[in-house]
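Q: Handing you this structure, nothing more for now.
The values are calculated or read from the model by the stated rules, or taken from the named source; none is laboratory data. The structure displayed is predicted, hence computed values, not measured ones. Quick reminder, even Gly has a Cβ in these numbers, built from the backbone with ideal geometry, and neighbours come from all protein chains shown. In case anyone asks, the SASA skips ligands and DNA or RNA and just uses the protein heavy atoms, side chains included. Shrake-Rupley method; radii C 1.70, N 1.55, O 1.52, S 1.80 Å.
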Amino acid sequence: MCSFIASSHSVPVVRRKFSPENEYVKFVLLKFNQDSFGVISNLANMCGSRRACFSSCGLKDRRAITAQEVTARRVTAEALSTIKLNSVKVGNFQYTTTPLRAGDHSGNRFTLVLRHFQGSEDHLNAGMQSLKDRGFINYFGLQRFSTSRTHLFGKAILTGHYQDAVDMVLDGLRRFPGNNRANAYRVWMETKDPDATLSHLYKSHSAERDVLHGLKKHGAEAYKEALGHITPSTLSLYFHAYQAWLFNLVASRRINELGLQPIVGDLVLPASAVNAVDLNDGSVEESAPAENDSASASGW
């Protein structure tokens, strides 16, 4: 489990003029049993910012204690340090000139707990030895696809089946029985009227509202244009889900047909790249700011 080093001093609340040197604040986000996307959205709202101004190297599992670095554009460490969210902490702030992007990290480090194991100790040891000697297929997990089968939505857009994609988005309204979304779904199925359907939805941001606004603006059959109203960050989740689905299929076929040994054409991570990352140290250290460095901040 990652350990965290808290600051020994408080961060004064000051107004900051942003410059290229402090355009972004980078911090560690620690969460327990929380969804990464939802937590970051809440942080953005509580800072008076937008979700699009926050970025990370990827999303972390909900059912875990996770730690990851996040960057926020034109947000101060002082603002973030005052936020209180259940099962969430932020800290180890520093200012930087560039945001984090998907793939910027060197890898992930896990500590796993196996509960309710049924079997002999010999069986357990054999399984652990196999894991050590042969490794495992690193499939994308179910959280990448969600219960709404987001990979199928991504596939529909990428293959040009825009009406199917719109139907999938709006079909998501019926997964919430007994609330305003269920009423909106009923109205949509009865009338196909975007304006009437929108009147039953709250003004909180959602892909369903985006699509309905697009249909209202461009016409009831302007499916491609309506999908263009969904935010790029949300669309990317659907596309990445489809990519992940394809990866899982190809990985299974590769192992089934060609076995576990590397062959020509495989991408292999060299030992030097693995050794460059200290996998024995799970702590997140504060970087010592340079002397008189006004663009550094630390805190917990």
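Q: Of the residues in segment 113-130, how many are assigned to a loop (DSSP other than H, G, I, E, B) and aliphatic (A, V, I, L, M)?
A: Count: 2.
Conditions (1) at pLDDT 95 or above; (2) more than 28 Å from residue 20 (Cα to Cα); (3) over 14 Å from the mean Cα position of the chain (by Cα); (4) open to solvent by less than 30 Å² (accessible area, probe 1.4 Å), marked per residue:
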| site | (1), (2), (3), (4) |
| --- | --- |
| 63 | no, yes, no, no |
| 71 | yes, no, no, yes |
| 75 | no, no, yes, yes |
| 86 | no, yes, yes, no |
| 100 | no, no, no, yes |
| 112 | no, yes, yes, no |
| 115 | no, yes, yes, no |
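Q: Looking only at segment 158-199, which residues are within 25 Å of the chain's Cα centre (by Cα), surrounded by 13 or more Cβ atoms within 10 Å (Cβ to Cβ), at pLDDT below 90 and not aliphatic (A, V, I, L, M)?
A: Across segment 158-199, the qualifying residues are 171, 172, 174, 176, 181.
Q: For segment 200-249: of the residues being at pLDDT 90 or above and assigned to a loop (DSSP other than H, G, I, E, B), which is surrounded by the most Cβ atoms within 10 Å (Cβ to Cβ)?
A: The selected residue is 230.
Q: Return only the number of the condition from (1) touching a helix residue (DSSP H, G or I) at 6+ places or on another chain (Cβ under 7 Å); (2) under 22 Å from residue 143 (Cα atoms); (3) among the β-branched types (Val, Ile, Thr) that residue 66 does not satisfy.
A: Going through the list (1) touching a helix residue (DSSP H, G or I) at 6+ places or on another chain (Cβ under 7 Å); (2) under 22 Å from residue 143 (Cα atoms); (3) among the β-branched types (Val, Ile, Thr), residue 66 breaks only (1).
Q: Here is a follow-up. Pairs only if they're at least six apart or on different chains, beta carbon under 8 angstrom, first in segment 123-145 and charged (D, E, K, R), second not in a helix (DSSP H, G or I); list them, first residue then second.
A: From segment 123-145, the pairs are 134/260.
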